[in-house]
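Okay, structure first, notes after.
The values are calculated or read from the model by the stated rules, or taken from the named source; none is laboratory data. All values reported here derive from a predicted model rather than from experimental measurement. Don't worry about glycine lacking a Cβ; one is built from the backbone with ideal geometry, like all the others, and counts go over all protein chains shown. Remember, those area values only see protein heavy atoms, side chains included, never the ligands or the DNA or RNA. Shrake-Rupley method; radii C 1.70, N 1.55, O 1.52, S 1.80 Å.
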Number of protein chains: 2
Amino acid sequence: MLLRNPVNTSAGCRSKYSAKHASRSLTTQASQRPLYIPNKIDDPNYIRIFDTTLRDGEQSPGATMTSQEKLDVARQLSKLGVDIIEAGFPMSSPDDFEAVYAIAKEVGNDVHPDGYAPVICGLSRTKFQDLDRAWDAVKYAKYPRVHTFLATSEIHMKYKLKMTPQQVIDNAVAAVKHLRELGCNDIEFSPEDAGRSDPAFLYEVLGAVIQAGATTLNIPDTTGWNLPHEFGGLIEKLRKNTSGADKVIFSTHCQNDLGLATANSLAGALAGARQIECTINGIGERAGNASLEEIVMAIALRGDQQMNGLRTGIHPVHIYPTSKMVMDYSGMMVQPHKAIVGANAFAHESGIHQDGMLKNRNTYEIMTPESIGLSRNPEDAGIVLGKLSGRNALGSRLKSLGYDLSGEELDDVFKRFKALAEVKKGISDEDIVALMSDEVHQAQTVWELLDLQVVCGTMGMPTATLQMKGPDGITRMGVGVGTGPVDAAYKAVDSLVRVEADLIDYSVNSVSEGIEALATTRVVIKPAGRLSAVSEHASLGKVQRSFSGQGSHEDIVVASARAYTHALNKMIGWMSSRQSSPSSGSKTTSTTASSVTSTSVRNSSRSAPATVSGKAVAA
Amino acid sequence: MLLRNPVNTSAGCRSKYSAKHASRSLTTQASQRPLYIPNKIDDPNYIRIFDTTLRDGEQSPGATMTSQEKLDVARQLSKLGVDIIEAGFPMSSPDDFEAVYAIAKEVGNDVHPDGYAPVICGLSRTKFQDLDRAWDAVKYAKYPRVHTFLATSEIHMKYKLKMTPQQVIDNAVAAVKHLRELGCNDIEFSPEDAGRSDPAFLYEVLGAVIQAGATTLNIPDTTGWNLPHEFGGLIEKLRKNTSGADKVIFSTHCQNDLGLATANSLAGALAGARQIECTINGIGERAGNASLEEIVMAIALRGDQQMNGLRTGIHPVHIYPTSKMVMDYSGMMVQPHKAIVGANAFAHESGIHQDGMLKNRNTYEIMTPESIGLSRNPEDAGIVLGKLSGRNALGSRLKSLGYDLSGEELDDVFKRFKALAEVKKGISDEDIVALMSDEVHQAQTVWELLDLQVVCGTMGMPTATLQMKGPDGITRMGVGVGTGPVDAAYKAVDSLVRVEADLIDYSVNSVSEGIEALATTRVVIKPAGRLSAVSEHASLGKVQRSFSGQGSHEDIVVASARAYTHALNKMIGWMSSRQSSPSSGSKTTSTTASSVTSTSVRNSSRSAPATVSGKAVAA
């Protein structure tokens, strides 16, 4: 009765062996992943995990990632064993197209030893132009999929689409047929706002798209309105009453507005859905999506006993590194009490006396931190890095954290690592991740921050002086006075960069283990004044993109200035890629590079010479 | 079909009237709150909300609140209409006793016009000494309750309690009888780890405590192990098979380790539980507890249609101010994508073009921000504060945000408000809350930070110079060099305060609307070296307490130094109250005050004279 699960049984022991054993017993399932066939799964208990961090997650305010960042995340999702990666919404912007294309080409063809390669999926509205673009972006993957959608609730059809129910059916069917004609045989269709749609109308729409050739039917609770028994009931009804339901896979897509996304997804699976859509850390618009880590661990721990043997192909040991990477790149942090990946999720021992519950770890722990790839103990982590650690030791530690670097990239991080090791004894995994997010995979550098000096305090008049290298290679000096040291530094940056931007969020990564650790700051900005960075949002129409940047340094003010510079570079890069005409996939990379340069030149031409900007000083 | 709920129907309109209407329709229910009788509820659909933010929430690492802060939160919970406030674990420490006692006396006797006053509950183990102390703490409330618990799972009984099942039954029964003898007739019993206990044994224990006089049976899923259908099934089985079950109220207490706490609680209610235990923002150990706001809003929005008419007595319009206050006082922030109260929960419009979905707000919104007390529009907020706003305008805005100030307290905030208004145009609610958390209800001031000056940047050697007033009223000057400006400032503080503390967390409240806003920083520290701040944890035995402090200032380095000073003051205060002998409730306040003074003197006597500390400079 008490410990019915092998993982749980071993959770009480703290030896390295048992931690490894725990991970192994959780990952054994993955090796038996059934062969991928779009519209059926040979194992009736296998749940496909469809990750939409790069699409639904990324389209949330401030979470915009660069193409390079998206590629990193996709690689990590492939390690994690995600069955389907929704890599983006290619019609949204040229930048989105490029990211999906690059992921399809690389990650979509990275076949693992067991034959697994992730399906790469692109989202598309039902317009033919959208569908063509989505197919062009994903088609080079080993398993390409296009996901198209159309709203089916009365309120969405009437007010948003301004379509009759019959028009909705016709459009959906035409879209699926068009995809078939393009040569796409892995087609997902979503009736948007299904959670508030008339079930009878859903039977009709879904029956028609199955007939037309759809292979996966995804049922979104778009507004997070459903309760678990209600959503499970909907899936059951749809499977029972839709003609041809036995020929396709049903999928869940649950928003978290009432905090029920994980429970709703599991209720869907219990009612027969065999694909769950979710995101790392549960990010997404408003209250986000179902959290991959919660769903995967609930199925891993309770699938056998409480879900008739359900299982997934995920390797939980990669959960924590993936979670960290998504936090860094999206700028969307999780709260300390976030399930599975929050800082406190395994912190019940924090501050507890040795004689407390150490001997009874399994009394309060249903999984080990090691099983999700989190090693709290330096010994468990295998390598402790310090002043004397070499380039290879850093490289292999980085690899275990999910970053696969070599050559110049590794050299860059190693240089910074050495500098940090001079100041700080014992470099933790957190420090390494912070170094990474600062140095590697930044947006292409348009402006570079060189030196910065700040005077501040209670006396007022905080002043920042800095040197930056512009896109023309010339070093200029700027100065700013602000309400605080960060504001002063930003005004000094503005005095040189001269791209109008509104700061919409500023945050500092919480620092543990002493204040001498690296501070990582994040800013989110959006273009101001006459500038704009508009892209197509899947459901909401045109949206103004915002951009996050992060910077790490022992000095919080320097970290803040780096973050701001990073965000500005990201914004300049994105806007210049938008200005390049939509190109075919094979040419995009070079196009972007050249257009960034041209923007850079445009920017630098607007820069004042190396004098103090009147605006900055007066502010 | 599409909008079955009156709230939802009005969500589409943005006029002030409709927002108010929405709130009103959500709060109407509260006016019909049934008369409080411990073991029964006249309305079969009424769910009691039992808030344990001050007990289960507060015992999580770093969330320690001062007695004054707890009293503030309790007042706010009473406004919110919480049926039962679990105010603490009186045996834990003298400070906890005092807080529960003060809440019982004041908030427990604050009878609202409709006759409602919250039940004030204290937690207790089954030891008679604990029970006596808990009863002494709550007995002056109009409706006092004691909540006692004992583990019933095989693993907890064997390894933690080292008791036989029969001993567990005997202990539980003896505890309930003892409480009856003390005169307590509102008794809650929890079989700890019920989620992993043998149901047959639970029938036996619960039947015995009902027989002995328990009035509420709370069923905790202590490790967050259960799935919704499983937990609902457990409640159903217990109600069916426990003798005397119809004479008591069943309650849920769900931890969130798999992200299922809200769903499990609702499943419990659907299965007949009529009390739900939860916390504001879902705070608590590990992954926290069920979130009050999620449960309340799920029942408010879907109770009629999907939960057979279930309802609560909560006024949702106070949710947001309460959430903010708990974030400030506990130092536990919520993530941007937290349901209901996260910064993005209503932010789907952020960055969206005017022509987007503004006209269709209800297509993506199931409740209005106004319904939970969040006004995004300055016009909606009623008052926009600025340079010319007077003391009364500030007072009434504060009141609407949940802070009821007058006299000197209001004067203090007003002074700071005026200073901020000189620097910043248009003071937002966030600014006001930040001012509050900095100025009012800080721990008693032992050390006061006066002036601070910092030089930092990429050149290294960040240096802080500061002046502080000690508990002896003497102003001293300190200096520190650190790895960054914050570290330098902390070293400068250490050079004067000389209380050994380890910094275990440092964070900065995310700033929106431009960087010139106030930065609010939080630190969590715990005593280091020979110092310790041990208290009894309800389940885990002795724990080392940690203390959070916050500070706000336009200058992030000044804010950081204030936060650190605040945390040190809180720690010194708590430790001195612990050193005072446990006193009877009526004397506690004066005891604390005097013991703080004595500690202060002890501290100051260890302070170096107004010279530069060698340690600080060398660091």
State whether one or more residues within segment A:293-300 are free of Cβ contacts under 8 Å to residues at least 60 places away in the same chain, under 25 Å from B:G284 (Cα atoms) and not assigned by TED's automatic domain parsing to the domain that holds A:D505.
yes
Looking only at segment B:249-288, how many residues end up being of a type in the set (F, W, Y) and part of a loop (DSSP other than H, G, I, E, B)?
0
If a residue must be within 13 Å of chain B (Cβ to nearest Cβ) and buried (at least 24 other Cβ atoms within 10 Å of the Cβ), how many such residues does segment A:302-315 contain?
0
Given (1) at pLDDT 95 or above; (2) crowded, with 21+ Cβ neighbours inside 10 Å; (3) of a type in the set (V, I, T), index of the condition B:V7 fails
(1)
Failed condition for A:A298, given (1) more than 10 Å from chain B (Cβ to nearest Cβ); (2) part of a helix (DSSP H, G or I)
(1)
Going by the structure shown, is A:L217 part of a helix (DSSP H, G or I), modelled with pLDDT of 95 or more and assigned by TED's automatic domain parsing to the domain that holds A:L258?
no
Please count how many residues of segment A:209-263 are at the interface with chain B (Cβ under 8 Å from one of its Cβ atoms) and touching a His at 6+ places or on another chain (Cβ under 6 Å).
0
Looking at the structure I just gave you, is B:N241 touching a Phe, Trp or Tyr at 6+ places or on another chain (Cβ under 7 Å) and either touching a residue at least 40 places away in the same chain (Cβ under 8 Å) or not assigned by TED's automatic domain parsing to the domain that holds B:D51 (or both)?
yes
Residue match in segment B:133-154 (condition: closer than 29 Å to B:N256 by Cα, part of a helix (DSSP H, G or I) and over 23 Å from the mean Cα position of the chain (by Cα)):
yes
Scan the strands (runs of 3 or more DSSP E) fully inside segment A:524-567 and keep the ones with 3 or more residues being modelled with pLDDT under 85 and open to solvent by 20 Å² or more (accessible area, probe 1.4 Å).
A:541-544
Would you confirm, using the coordinates I've provided, whether B:A269 is open to solvent by less than 10 Å² (accessible area, probe 1.4 Å), modelled with pLDDT under 95 and out of contact with any helix residue (DSSP H, G or I) (no Cβ under 7 Å at 6 or more places or on another chain)?
no
Pick from segment B:445-462 the residues that are buried (at least 18 other Cβ atoms within 10 Å of the Cβ) and more than 10 Å from chain A (Cβ to nearest Cβ): which of them is modelled with the lowest pLDDT?
B:V446
Name the residue, out of B:A343, B:A287, that is crowded, with 24+ Cβ neighbours inside 10 Å and either of a type outside the set (D, E, K, R) or at the interface with chain A (Cβ under 7 Å from one of its Cβ atoms) (or both).
B:A287
Counting only strands (runs of 3 or more DSSP E) entirely within segment B:27-129, those with at least 1 residues that are open to solvent by less than 40 Å² (accessible area, probe 1.4 Å) and charged (D, E, K, R) are B:48-51, B:84-88
Enumeration of residues in segment B:545-561 that are under 9 Å from B:R522 (Cα atoms), within 11 Å of chain A (Cβ to nearest Cβ) and not polar (S, T, N, Q):
B:A559
The number of residues in segment A:203-218 that are touching a helix residue (DSSP H, G or I) at 6+ places or on another chain (Cβ under 6 Å) and either open to solvent by less than 10 Å² (accessible area, probe 1.4 Å) or under 15 Å from A:T126 (Cα atoms) (or both) is 7
Exactly one of B:E379, B:E370 is at pLDDT 80 or above, touching a helix residue (DSSP H, G or I) at 6+ places or on another chain (Cβ under 9 Å) and away from chain A (no Cβ under 11 Å), and that one is B:E370
Quick check, is B:G482 over 23 Å from B:D431 (Cα atoms), open to solvent by 10 Å² or more (accessible area, probe 1.4 Å) and either more than 7 Å from chain A (Cβ to nearest Cβ) or not basic (K, R) (or both)?
yes
Looking at (1) at pLDDT 50 or above; (2) crowded, with 17+ Cβ neighbours inside 10 Å, can you tell me which one B:S607 breaks?
(1)
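This table checks each residue for (1) within 12 Å of chain B (Cβ to nearest Cβ); (2) part of a helix (DSSP H, G or I); (3) under 20 Å from B:A287 (Cβ atoms); (4) modelled with pLDDT under 85.
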site	(1), (2), (3), (4)
A:H348	yes, yes, yes, yes
A:Q354	yes, no, no, yes
A:N360	yes, yes, yes, yes
A:I366	yes, no, yes, yes
A:L374	no, no, yes, yes
Of residues in segment B:130-164 being of a type in the set (V, I, T) and within 14 Å of chain A (Cβ to nearest Cβ), the one surrounded by the fewest Cβ atoms within 10 Å (Cβ to Cβ)
B:I155
